[in-house]
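Comments concern the structure below.
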Amino acid sequence: MTGSINPPPETCLVIGSVLEDVRLALRTLGKDRAFTLLTVVTLAVAIGANTAIFSVVDGVLFRPLPFPDADRIVTVAAGTLPAPGRTIPGAIPFSDRGYWHFVDNNRVYEAFGGYSGGQQMALIGDGEPLQINAAAMTASAWEVLGTIPQRGRFPTPEEDVPGGPIMVVLSHGLWVGYFGSDPDIIGRTIELTGLQAEVIGVMPNGFNFPSPAIDLWIPQRLDPASQNFGAHSIYGLARLAPEVTIESALADAESLIARFGEAGYGETVVAGLFSGEAFVRTLKDEVVGDARQPLLILLGAMVFVLLIACSNVANLFLVRADARMRESAVRMALGSGRWKLIRYVMTESVLLAVIGGVVGVFLAYLGTQALVAVAPASIPRLDEIGVRGPALLYTSGIAILAGLFFGLFPALRSGSDKMLGALRDAGRSATIGSERHRARSAMVVAQVALALVVFVGSGLMFRSFQRLRAVDPGFRAENVLTFKLSPVPANYDNSPEVLAQFYDELLDGLEDIPGVARAGAVTSLPLQGIAGSLSTSIDEFPVADDEFPPTFLIRRATPGYFEAMGIDVLEGREFTDEDHQERLGSLIISESIKDRFWPDVSALGKRMAIAGAAARSVGVVRDVNAVGLDTEAEPYIYKPLLDSVGGGVAAMAMAVRANADPLSLVPAIRNLIASMDAELPISEIRLMEGIVSDSLSRTSFTMTLLLLAAAIALFLGSVGIYGVISYIVAQRTDEVGVRLALGAGAPEVRWMILMQGMRLAAVGVVVGLLAAVAMGRLMTSLLYGISPFDVTTFVIGAVIFLVVAALAGIIPAVRASRIPPAVALQSG
């Protein structure tokens, strides 16, 4: 008969045998509900936790960026020296001339573009005035990314020129949230910081380059003839040409940096600012940043938890196999083949693992949603995290491997020829065999060692976090409300003086609000990043022609700012209204500048020039951290709003110190600002304590998850010890009876049983400590103020696990000592 395909009889026989094993396994597991429930719950928790963390790792680290050939997109930057007065070397954005130098000499890139991010602008449109974040992009940067807008288009190279039309591309979120998904948005004119701009495009949902905080994009409009060498604000973005490697692009970039003199840079600037090193990184590496290592460590910790769970389940299977030893022996005696018994036990284990995996996927889905909800915004690509195909494949793989792992040894035991000996010994209890004892002992040792590694890792993170929390940031954050303002200069006659007057009146109005103790403003709050550094010449310390002058972070601040922020004035005074109203050329320096140049004398009255503006110091204040509590405080110079070369900065961050709850002041503050400028948006209303917490959020997140993994590992490890000691007691009942009958006291029996578990725990602790040393090396970059080999953490971990082992062994040991000798001998 044609047209039909019949499988070989052997295949049908195998399939039928497997299905019969599955049916029998389901029936048997259904009868042994306690064992089944305990095994499934243990595996589901371990697999679910692994899958949830893997989903985060996959979304952040493994998934490609949503751009065509994303692995060819790179960021390009020049390396800097730690210039005098600075402590942070690294990469620096391009100036206009540096950018054009790379564009004009491009040999390795298919396209080379640039962008600048984080510019705050005021949007006047359909709703209330809104302060938004804008990024400037060259037309070639859009070409590098290779993406397309959901609506409209991008600026063309002909439009991306100085004096070109003012046009914007909206983010999907801004289009939906502010413009109500207006279908006619393309071609519409909006008011942006006092300028009329045409909307030419809308980006698709999920596009968040260079960061999720960006609301719209404007043309960069760089001038090829620009002679700007000093303002470094353009981040290089390029697409590698086909067949070009990162290494060859890096070598090309270093050769171009060595030829910066051809672009017009002076020899002093090149020698004093640039290290000669280049940074060419894939965009993915740039986006992921330093999130890679903590996420991989978390995944490793969860894999350890899974191994501990598998060891526990393997011990359960061994106990169950011993209980069913006579049953297995009877089956072999009646003709069941060895491999049939092995296959059946493996079927049970894999079946349980699959059921645990299915439940684990459900738990992983809930866990992933919870992780995304509580994860700090500093973790990149949060919107791309979910339980997707790779996570499901991962779950399937670990479920099957787990089933094979914890089922293999019991399966081999069940099919052993020694089973027939169990039939001959029926009715007689024997002391536990050395083979079984070694297997269980090895698993307990492995559990304790793995759990201790996770515990020590979490302990190191906890102690590091405590050290971070104890760092003095240089200010007092309690009861301080912060928000940002970006007045439109055109509404203030484009006059620095008028803008300064606005802030004077605003601060007076804020301090008239009941509950406000002090108010001030600064161009950038502490812990909000490094920006705005300038070279400074100091009269008493002239530099040679071939030296680079010291560079410091520059901030403009108003009277009252230092008191409002709780920054102590160590010498001299704060700014007064006269400092900017009369352009007195006053400066306030941070203590690290004083300690460097005038350690033993007063720094008051010292003369210096910043970008050509002569000034003198009138005060010294404490250093504050610009980036994070885990970085060294940077030297600051504060200038008043106005000085001899201008000022009147539009965008300012406000600090308001309250006598009570700062958030209760928000309505009054809104009303005050609306009465002064109805079109002025208020953004980023936050407590300063929240900003401090955010700077610790990633460390706190990593620490919390490691502590959770450590708690699970500690619990599973203690359960493993308890289970093994309980089994030892059951197997040695006759021995206990003999000892008791011969006069051994209950304390002696308790000590004998207890020491069995303690010896296993001690071996596991030694192995775990050795493994924790290797793990500590991997965590070095995550720790602050603490050694990765911190003796206190290691000792506490070892002691805790030995105490837990003792507690886990007490109940079985006490139970053994209370067995009546006659009963014990009769059961033996």
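Yes or no, residue by residue, for (1) surrounded by fewer than 20 Cβ atoms within 10 Å (Cβ to Cβ); (2) among the small types (Gly, Ala, Ser); (3) within 22 Å of GLU684 (Cα to Cα):
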| site | (1), (2), (3) |
| --- | --- |
| ASP472 | yes, no, no |
| ASN479 | yes, no, yes |
| THR482 | no, no, yes |
| ALA490 | yes, yes, no |
| LEU499 | no, no, yes |
| GLU505 | yes, no, yes |
| ASP508 | yes, no, yes |
task: Return the only residue of ILE185, ILE218 being touching a residue at least 24 places away in the same chain (Cβ under 8 Å) and either within 35 Å of the chain's Cα centre (by Cα) or not in a loop (DSSP other than H, G, I, E, B) (or both).
output: ILE218
- prompt: Is at least one residue of the stretch 607-620 at pLDDT below 80, in contact with a strand residue (DSSP E or B) (Cβ under 8 Å, 6 or more places away or on another chain), assigned to a strand (DSSP E or B) and hydroxyl-bearing (Ser, Thr, Tyr)?
  reply: no
message: Considering only residues that are crowded, with 18+ Cβ neighbours inside 10 Å and of a type in the set (Ser, Thr, Tyr), which ones fall in the stretch 344-381?
response: TYR344, THR347, SER349, THR368
message: Going by what's in this entry, would MET654 be described as modelled with pLDDT of 90 or more and either surrounded by fewer than 21 Cβ atoms within 10 Å (Cβ to Cβ) or closer than 14 Å to LEU510 by Cβ (or both)?
response: yes
field: Qualifying positions in the stretch 676-689 - surrounded by fewer than 18 Cβ atoms within 10 Å (Cβ to Cβ) and part of a helix (DSSP H, G or I)
entry: MET676, GLU689
query: So which residues in the stretch 450-470 are surrounded by fewer than 24 Cβ atoms within 10 Å (Cβ to Cβ), of a type in the set (A, V, I, L, M, F, W, C) and part of a helix (DSSP H, G or I), if there are any at all?
result: PHE462, PHE465, LEU468
- request: Please work out if VAL692 is crowded, with 20+ Cβ neighbours inside 10 Å and not charged (D, E, K, R).
  value: yes
query: Among the residues of the stretch 50-60, which ones are crowded, with 24+ Cβ neighbours inside 10 Å and of a type in the set (A, V, I, L, M)?
result: ALA52, ILE53, VAL56
- prompt: Hey, among SER275, SER255, which residue is hydroxyl-bearing (Ser, Thr, Tyr), in the same structural domain as ILE166 (by TED's automatic domain parsing) and touching a strand residue (DSSP E or B) at 6+ places or on another chain (Cβ under 8 Å)?
  reply: SER275
message: Going residue by residue through the stretch 588-605, is there one that turns out to be in a loop (DSSP other than H, G, I, E, B), closer than 29 Å to ALA517 by Cβ and in contact with a Gly (Cβ under 7 Å, 6 or more places away or on another chain)?
response: yes
message: Checking SER255 against (1) out of contact with any His (no Cβ under 8 Å at 6 or more places or on another chain); (2) assigned to a helix (DSSP H, G or I); (3) buried (at least 17 other Cβ atoms within 10 Å of the Cβ), only one condition comes out false. Which one?
response: (3)
statement: From the option list VAL765, VAL738, single residue qualifying as modelled with pLDDT of 75 or more, aliphatic (A, V, I, L, M) and touching a helix residue (DSSP H, G or I) at 6+ places or on another chain (Cβ under 9 Å) is VAL765
field: Verdict on PHE304 being within 34 Å of the chain's Cα centre (by Cα) and modelled with pLDDT under 80
entry: no
- request: Report yes if some residue within the stretch 435-447 is at pLDDT 85 or above and crowded, with 23+ Cβ neighbours inside 10 Å; otherwise report no.
  value: yes
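The values are calculated or read from the model by the stated rules, or taken from the named source; none is laboratory data. Quick caveat, the model's predicted, so the values are computed rather than measured. Virtual Cβ from ideal backbone geometry, glycine too; neighbours counted across all protein chains shown.
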